[in-house]
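Let me begin by presenting the structure, written as C-alpha cells, before commenting on it.
The values are calculated or read from the model by the stated rules, or taken from the named source; none is laboratory data. In this text, all values refer to a predicted model and were calculated from it rather than measured experimentally. Quick reminder, even Gly has a Cβ in these numbers, built from the backbone with ideal geometry, and neighbours come from all protein chains shown. Surface areas here come from the heavy atoms of the whole protein model, side chains and all, with no ligands, DNA or RNA. Shrake-Rupley method; radii C 1.70, N 1.55, O 1.52, S 1.80 Å.
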Amino acid sequence: MRVVVLGSAAGGGYPQWNCRCRVCALAWSGDTRVAMRTQSSIAATADGEHWLLINASPDLRQQIIATPEVAPAAMADASSRHSPLRAVLLTNGDVDHVAGLLTLRERQPLTLHATGEVLQVLADNPIFGVLDPALVARRAARLDETFEPVPGLSVTLFAVPGKVPLYLEGESVDVGSEGEMTVGVRLEAGGRTAHYIPGCAAVTERLRERIAGTDLLLFDGTVFEDDEMRQAGVGEKTGRRMGHLPIAGSAGSLLALADADVGRRIYIHINNTNPILIEDSPERRIVEEAGWEVARDGMELRP
Ligand code: MLT
Ligand code: MN
Ligand code: ZN
C-alpha cells in the first residue's frame, strides 16, 4: 500500500487567504520554519496504478499538479483523457472535503463512495450534478462493511464522534454523536493497515479498540489547544465545537492515544492557527517527543 498526503491542512489551508494570525504571518513572510499546506486530502493505492482519492479538497487541481502519481500518465494505450484517480471517498460533507468534486467534472468516469447520509447532502445540492450520473456512479458505503474501491485496496468506514457540516448546522448542534455524518477510514492491502481520521470530536474506547494494531494512524490535528482560535484573536469557536478534539489537555488526543498500539502516528488536517506547524515551536517539540509526526503535503507513506 502507498499513501500520499495531498493536503495536510484543515479547511482554509495554510496560510488561510484572509489570516494573519501569528502562525499564518510566518508563512506570508516566507519564514523557513514553516511550509505552506493545502487543504485536507490523501490518496491511496495498492497497485501503484489505480488510486483512491480520499476527500476532494478545494485545492485538488493544485495537488494533482504537485503529485505525478495522480496526474494523467503518458501511457501508450491510454486515451488522451484519463486519470489514475479511479474512485473518490468522502469522510464527511464539509466544504474542505467536497468542494474539489467540482474540479472532477469534465466527463471522467469515476466511482464516488460515501455514506448514505453524506451522499444525500450531495444529492440535495444541484451543483454536484456537474458530475454526470452517466459517468460518475455514487455508491452508498455502509458503516463497518468492507469494499474494494480500487483493485487490492480494502476500505472500511466506521463512525467517529462528529457533527453535521457547518453549512447544515441548525440552531442547536449535536457535537460528538456517532453516525454516518463523520467517519474514519480503515485501509488494508497486502496485510498492512492504515487508519485515516481527519475529523474526530473525542477519543472513545471504541475508537481505541478500532485502531489497535494499525501500522499507520493519520489523525485529526486541527488545533493544539481547544481555545486556540480565541487566543489567536480569529474567532470564538473552540476546536470541540467544530467537531475536533484538541491535541493538548486532559481530553486531548496526545494523552488519549499515548498508550495506543499503533505504528507510525501522524497529525493531519492541521488548522492554520496550530503552532505545531512551526518547526521549532514548543508545541511541535511536545508532539514529536510523544512520537507523533506532523503531516506535510507530498509526504509519501508505505504503511
Ligand atoms: C472542519 O473540519 O471543521 C470544517 O472543514 C470547517 C469548515 O467547513 O470550514
Ligand atoms: Mn475540515
Ligand atoms: Zn491563521
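Overview of results
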quantity: Kirkwood Rh (inverse of mean 1/r, distinct Cα pairs), segment 158-303, angstrom; calculated: 15.6 Å
quantity: Three semi-axes of the equivalent ellipsoid, the chain, Cα gyration tensor, whole Å, largest first; calculated: 28, 21, 20
quantity: From the C-alpha gyration tensor of segment 147-244, square roots of 5λ in Å; calculated: 28, 15, 12
quantity: P(r) histogram, all alpha-carbon pairs of segment 262-302 included - 10 Å bins from 0, percent; calculated: 28, 57, 15
quantity: In sequence order, calculated HN-Hα J values of segment 41-58 (Karplus, 6.51, -1.76, 1.60; Hz; x Gly/Pro); calculated: 6, 10, 10, 9, 8, 9, 10, x, 10, 9, 10, 9, 8, 10, 6, 10, 7, x
quantity: Area of residue 111 that stays accessible when all protein chains are in place (1.4 Å probe, Å², to 10); calculated: 30 Å²
quantity: Gain upon complete extension [residue 206, residue 78; 0.36 nm per residue less C-alpha separation]; calculated: 41.6 nm
quantity: Fraction of beta bridges assigned by DSSP in the chain that are antiparallel (%, nearest 5); calculated: 50 percent
quantity: Under the Debye formula (equal points on every Cα, no solvent term), log10 I(q)/I(0) of segment 105-152 at q = 0.16, 0.20, 0.23 Å⁻¹; calculated: -0.48, -0.72, -0.89
quantity: Qualifying chymotrypsin sites (Phe, Trp or Tyr not before Pro) in segment 1-86, DSSP loop, other Cβ atoms within 10 Å at most 12; calculated: 17
quantity: Overall dimensions of segment 84-133 as given by Cα atoms, namely Rg and Dmax in Å; calculated: 10.1, 29
quantity: Rg and Dmax [Cα atoms of segment 1-112; Å; Rg one decimal, Dmax integer]; calculated: 15.3, 51
quantity: Hull shadow area, averaged, segment 212-268 [alpha-carbon convex hull, nm²]; calculated: 4.0 nm²
quantity: Cα shape, segment 218-303, gyration tensor, a/c 1.5 rule; calculated: prolate
quantity: The chain, helix-only ellipticity at 222 nm - DSSP H runs n ≥ 4, -39,500 (n - 2.57), divided by all residues, nearest 500; calculated: -3500 deg cm²/dmol
quantity: Distance between segment 253-290 and segment 77-107 - C-alpha centres, whole angstrom; calculated: 30 Å
